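Reviewing the structure listed below.
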Amino acid sequence: MTAIQDSPALASPYQRSVASYWNAEKNPVNLRLGDVDGTYHHHYGIGEADWSVLEGPQGTREERTIKELHRLECAQADLLADHLGAVTATDRLMDAGSGRGGGSFVANRRFGCRVDGVSISETQVAFANERAQQTGVADKVRFHLKNMLDTGFETGAFRSIWNNESTMYVDLSLLFAEHSRLLEHGGRYVTITGCYNDAYGLPSRAVSQINAHYICDIHPRSAYFREMAANRLVPVDVVDLTAATIPYWELRARSSVATGIEEAFLDAYKGGSFQYLLIAADRV
């Protein structure tokens, strides 16, 4: 029996498979971009790309492109932080599905608050805690090997909680029930996520390709609002970021860190079967 199989954070064979995937993951699209400034994200980017990075000396084109992709993913993280509500330095936040910690460090730098990141990947948790030590914020930013569906944290402990492209790995009814328990009354929940468009019908071929690539299960748009309503999470802002994320994918498709999934994302977004949304909701 391996340590992964024994971990109390893993409640099912599926979760064990996801943990194994992320424990072994060393994708340049995550690591090379994080190396730019030491902030390692596990999500995509938004905003108009600077296409001039593809011009100029061939010898430095890759470096320019990597920096631009990182700028776009940092813009996404900043937008999420913009929606976390009125956070003060005395508040406590939770990053659900924290990856290598990028979003947690963004929130701490902005608000000076305590942040707890949770992940079912031992490798990610160790990496993020090491970065917290290296950057001198380990007293405020901590990462835990925990299941976001059953964290064990005390009820009402958090002012704000977010998921950044991690909701597609879990059952939304269980996720939002736990988030509702953890948030203080009037607290804020934010997610940025890809979801399939109910108006399109069932998931498209491109969406199914994305599911297979990341071992995930992309939810329909309607499921987010239905399960939020069932768990006392009332949307206060919904932003369709679909058009804003397309330049990131177009640039990534022309970069050295392309993984082969770029065309599926572009087909899904441009064909209308897939949407990239930010949803902010208050706990009532």
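Data table
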| quantity | calculated |
| --- | --- |
| Calculated on alpha-carbon atoms, Rg and Dmax of the chain in Å | 18.1, 55 |
| Within straight-line cross-link reach of residue 270, lysines at Cα separation under 26 Å, skipping those fewer than 8 residues along the same chain | 67 |
| Share of carbon and sulfur in the accessible heavy-atom surface of the range 69-168 [1.4 Å probe, %] | 49 |
| The chain: calculated mean residue ellipticity at 222 nm from DSSP helix runs of at least 4, using -39500 (n - 2.57) | -13000 deg cm²/dmol |
| The chain: DSSP helices with Cα axial extent of at least 27 Å and average Kyte-Doolittle hydropathy no lower than -1.0 | 61-82 |
| Pair residue 230, residue 88: separation of 7 Å Cα→Cβ label points (nm) | 3.6 |
| Difference of contour (0.36 nm per residue) and Cα-Cα distance, residue 185 to residue 154 | 9.8 nm |
| Max mean-square fluctuation residue, GNM over the chain, Cα-Cα springs under 10 Å, options 147, 211, 163 | 211 |
| Most mobile listed residue (114, 61, 232) in the chain, GNM with C-alpha springs under 10 Å | 61 |
| Relative compactness, the range 92-231, computed as alpha-carbon Rg over 2.2 N^0.38 Å | 1.09 |
| Residues with amide H under 5 Å from that of residue 115, placed H, sequence gap 5 or more | 93, 141, 142 |
| Net lengthening on full extension, residue 37/residue 284 (0.36 nm per residue, minus Cα-Cα) | 85.1 nm |
| 149, 80, reordered so the largest accessible area comes first (probe 1.4 Å) | 149, 80 |
| Extension reserve of the residue 139-residue 78 stretch, reckoned as 0.36 nm per residue once the Cα distance is removed | 19.7 nm |
| Å² per residue, accessible surface of the range 47-113 at 1.4 Å | 41 |
| Sequence-separation-based contact order of the range 56-129, relative, with Cα cut under 8 Å and 6+ spacing, percent | 28 |
| Nitroxide proxy distance, nm - points 7 Å out along Cα→Cβ at residue 238 and residue 14 | 2.4 |
| The range 197-272 versus the range 13-92: alpha-carbon centroid distance in Å | 17 |
| Rounded to whole Hz, the Karplus (6.51, -1.76, 1.60) HN-Hα couplings of the range 34-48, x for glycine and proline | x, 5, 4, 9, x, 10, 9, 9, 10, 8, 9, x, 9, x, 6 |
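The values are calculated or read from the model by the stated rules, or taken from the named source; none is laboratory data. Every value quoted in this text rests on a predicted model; they were computed, and no experiment measured them. We place every Cβ from the backbone using ideal geometry, glycine too, and count neighbours over all the protein chains shown. Side chains included, ligands, DNA and RNA excluded: accessible areas come from the protein's heavy atoms. Shrake-Rupley method; radii C 1.70, N 1.55, O 1.52, S 1.80 Å.
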